[in-house]
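**Student:** The structure under discussion is supplied below as C-alpha cells; questions concerning it will follow.
The values are calculated or read from the model by the stated rules, or taken from the named source; none is laboratory data. These numbers come from a predicted model, not from an experiment. Positions of Cβ are backbone-derived with ideal geometry, glycine not excepted, and every protein chain shown enters the neighbour counts.
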Amino acid sequence: MIIVGLHNTGILSSAAVVVDGVLRAGMAEERLDRRKHSKYFPLQAIEASLKQVGATLDAVDHFAVGWNPAINIGSRLRAGFSEWPAFPGARFYANPNHLLPRLAPFAHQETEQAFFAADGGSKRIHYVNHHLAHAANAFFLSPFDEAALLSCDGYGERASLVWAVGRGERIEILREVHFPHSMGSFYSALTQFLGFRPDHDEWKMMGAAAYGDAERFLPVMREAAPFDDEGTPHLNFDYFQHYDFDAATLFTPRLAERLGPPRLPDAPLEPRHFAIAAAAQRWMEQFLAASVAALHRRTGLNRLCLTGGVMMNCVANGQIAQRGPFDEVYIPYAPDDSGNSLGAALWTHARVTGQRPRPETFPASPRLGRAYDDAALAVALNNWKIAHRPVADPAGEAARLLAQGKILGWFQGRMEFGQRALGGRSILADPRDPGMKARINGAVKYRESFRPFAPVLPVERLGDYFTLDCPLIVPYMEKTLAIRPERREEIPAVVHADGTGRVQTVDAAADPLLHALLLAFERLTGTPVLLNTSLNLNHEPMVESPADAIRAFYTSGMDALLLGGFLVEKQP
C-alpha cells in the first residue's frame, strides 16, 4: 500500500511517501523549485518522492493532507454561495458547510474524499487534523510504544496547542488551546518587532537572545502573554493583533510603548534589541516548561514527544530534555509544518490498516531525499566543464582539507528532510579557528554576524564535550546543550555567546562516512568535532542536486567541494 502525504498550507510545502507502513521518501518543494520556503503545491516533490520508491501517481492508494478543512465548516459562508460558488468545484465544501454543523455533535477528527473512475477504480484523499499530523510525525517515528505528546505552533485549523497520548497505533487528543491564544504567534510577533520576517526568521531571534539581558524586558512579556499553572496562554490583545490577517503587523502600538520603537529590517542590532530577544526567549522557555509539567501531571507518563513549529526552538528543547519531569524526550527531525506530510501519511496508514507504522531504524533516518551516484555526479561536473579529481577516501581527504583551515562543501548520499543539514548537504569547517564563524557568516552564508553554527561529533564523544544531566543522543540538532567550560577554548567557532551549542551526534551505523570523517579529523588534530551548517547561501534553499551544489560553491567563499567521490578545489 502506497500513501502520499502532503503539506501545502503555509510555508514549506512538502511531500512524503509511506510504503506498507515504512516512510521511504520525502522532500520539501523548495529543494526542487528553488524558491526559499516555497508555498507552491508540491507536485515536483510528489513526483521525485514516488520515483524514489519506483512508483507513479497511478499506483498511489491514498493521499493524506496534513490539514483538515472540515474543522472550519460552518463559518462565514452565506447561503447564496451554495448556489453561486466561486468555481464549480467549490461545491465540495459548500454543501458540507451547510449540512455538517447540523449533525452535532460531529467530531472532525479526519475527513475523507473518495473519487471513483468509470472502471470502478478509486482514489481517496484523507484530511488529517493539523496537530494530529504533527503528533503522528513525532510519535510514529519515535522509539516509544506509549508517550505523552505536546504540539505547539502558531495555529492549525483552530488549535495552537494540543496535548495528546500515543499508544501503539492510536493517538488520543486530551486538550486543545485555540487561536488567537498562541505562544507561537507571540514569538512570531516579537520576531517581526525585531525587524525579522515572522514565520521565517524565528531562529534569528533565538540566536540573538544569547547576547541580551532577559530580565530587562521580562515584565513586559509577562504582561503581554501571561499563562497559568496548566501552561495555558492568555495573550493580552492590547499588545497583539495577529488574529487580524489584514493588519500590517502582528503587534499593536502598545508593544512599542513598552519596548521602544520596532527595529527596521536593515537597522543595526542594539543592546535593547538583544534584550528583547532574550526576554521573549526566556518567556517561551518558561511557558513550555509549565505546559510540559502540567502534561506530565495529567498523564503520569515518563516519555514525551514534542512537535510543532515551536519545537524548532532547540534551546527550550534542550532544557526540557535535561530538566524533566519526563525521563525521555523525543523531537523529530522536522517538527515544523513541513513534517506534516510525513505525519499525515503515517497517521493514514495507522487508521486504514489498524497497524502502527514504524521507522526502519532508531533514531529514524532523515535521509529521505534523492541520492546521486558517481556517474551522475561526473556528468554534472563534465557538463559544466568543472575541473575535478576522483578521491578514493573522501573522509580522509576531507579531514586533511579541514585541518588546513579550508571551508568544505559536503554533498554525500541521500538528502535530509527538514530544515537542518545533518550530513548529506552540509558545509563543514574547523571549529578550532576562532575566526571561522565570522569567515563563514561573511563570505559564505552572507548573513548576520551573531548567527551561530552547530558542532557535530561522534555520539560516543558527546559527554566529553557537553554537560549532560541525563543520557542523551542528539541526532537532529534538535537540542542545545551546555559545552563543558574546559572545552570551549578548543572549539570556539561553535560556542554560542552563552556557552552552549546546538549539537548533532553521529552514529557510525547511521552515517558511517561522516562518522569516519570525524574520527579522521581527530587523528589529525586531536579534536573529534566539526562545524556543520547547511549547504546553501542566504535566502536560498538547501541544495538538492549536483548543479545546485556547484552553483553555491562558485558563488561563495567555500574553498573545496566534495561531491560523492569527486573533489573540486578553487585555486588560491
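**Student:** Output the helices (runs of 4 or more DSSP H) that fall wholly within the range 174-253 and possess 1 or more residues being touching a Pro at 6+ places or on another chain (Cβ under 7 Å), or say none. Don't jump to the end; show me each part of the working.
**Tutor:** Working: elements: 183-193, 202-209, 218-224.
In the range 174-253, the matching helices (runs of 4 or more DSSP H) lie at 183-193, 202-209.
**Student:** Go through the range 473-493 and give me each residue that's among the β-branched types (Val, Ile, Thr) and at pLDDT 95 or above. Step through it out loud before you land on a result.
**Tutor:** As a first pass, look at the range 473-493 and keep what is among the β-branched types (Val, Ile, Thr): 473-474, 480, 483, 491.
The answer is Val474, Thr480, Ile483, Ile491.
Conditions tested, residue by residue: (1) touching a Lys or Arg at 6+ places or on another chain (Cβ under 7 Å); (2) under 23 Å from Arg367 (Cβ atoms); (3) among the small types (Gly, Ala, Ser).
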| position | (1), (2), (3) |
| --- | --- |
| His496 | no, no, no |
| Arg502 | no, yes, no |
| Ala508 | no, yes, yes |
| Pro541 | yes, yes, no |
| Pro546 | no, yes, no |
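**Student:** Taking the residues in the range 421-453 that are in contact with a Gly (Cβ under 7 Å, 6 or more places away or on another chain) and buried (at least 21 other Cβ atoms within 10 Å of the Cβ) as candidates, determine which candidate is modelled with the lowest pLDDT.
**Tutor:** Looking at residues that are in contact with a Gly (Cβ under 7 Å, 6 or more places away or on another chain) and buried (at least 21 other Cβ atoms within 10 Å of the Cβ), I get Pro452.
**Student:** Name, by its number, the condition in (1) crowded, with 18+ Cβ neighbours inside 10 Å; (2) modelled with pLDDT under 95 that does not hold for Ser291.
**Tutor:** All conditions are met except number (2).
**Student:** Restrict the check to the range 276-289 and report whether at least one residue is assigned to a loop (DSSP other than H, G, I, E, B) and farther than 27 Å from Val162 by Cα. Working first, answer last.
**Tutor:** Initial filter on the range 276-289 (assigned to a loop (DSSP other than H, G, I, E, B)): none.
Within the range 276-289, not a single residue is assigned to a loop (DSSP other than H, G, I, E, B) and farther than 27 Å from Val162 by Cα.
**Student:** Tell me the residue from Leu402, Leu346, Leu408 that is closer than 24 Å to Cys305 by Cα, surrounded by 20 or more Cβ atoms within 10 Å (Cβ to Cβ) and touching a residue at least 60 places away in the same chain (Cβ under 8 Å), please.
**Tutor:** Values: Leu402 fails: closer than 24 Å to Cys305 by Cα; Leu408 fails: closer than 24 Å to Cys305 by Cα.
Of Leu402, Leu346, Leu408, the one residue that is closer than 24 Å to Cys305 by Cα, surrounded by 20 or more Cβ atoms within 10 Å (Cβ to Cβ) and touching a residue at least 60 places away in the same chain (Cβ under 8 Å) is Leu346.
**Student:** Let me ask something else. Among the residues of the range 429-459, write down those that are farther than 18 Å from Ala520 by Cα, touching a strand residue (DSSP E or B) at 6+ places or on another chain (Cβ under 7 Å) and among the aliphatic types (A, V, I, L, M).
**Tutor:** Residues satisfying the conditions are Met436, Ile440, Val444, Ala454.
**Student:** Residue under question is Ala378, and the condition is that it be farther than 22 Å from Ala454 by Cα, outside any helix (DSSP H, G or I), modelled with pLDDT of 95 or more and in the same structural domain as Gly557 (by TED's automatic domain parsing); does it hold? Show your work before the answer.
**Tutor:** Working: farther than 22 Å from Ala454 by Cα: yes; outside any helix (DSSP H, G or I): no; modelled with pLDDT of 95 or more: yes; in the same structural domain as Gly557 (by TED's automatic domain parsing): yes.
No, not satisfied.
**Student:** Taking the range 418-450, which residues are charged (D, E, K, R) and closer than 20 Å to Glu30 by Cβ?
**Tutor:** Result: Arg420, Arg425, Lys445, Arg447.
**Student:** Among the residues of the range 7-40 satisfying the criterion of being aliphatic (A, V, I, L, M), within 16 Å of Phe63 (Cα to Cα) and surrounded by 24 or more Cβ atoms within 10 Å (Cβ to Cβ), which is nearest to the chain's Cα centre (by Cα)?
**Tutor:** Here is the first cut: in the range 7-40, the residues aliphatic (A, V, I, L, M) are 11-12, 15-19, 22-23, 25, 27-28, 32.
This time we only want the ones that are within 16 Å of Phe63 (Cα to Cα), so: 15-19, 22-23, 25, 27.
With the extra rule that they be surrounded by 24 or more Cβ atoms within 10 Å (Cβ to Cβ), the set shrinks to 15-18, 23, 25, 27.
Working: Ala15: 14, Ala16: 15, Val17: 18, Val18: 19, Leu23: 17, Ala25: 16, Met27: 12 Å.
Out of the qualifying residues, it is Met27.
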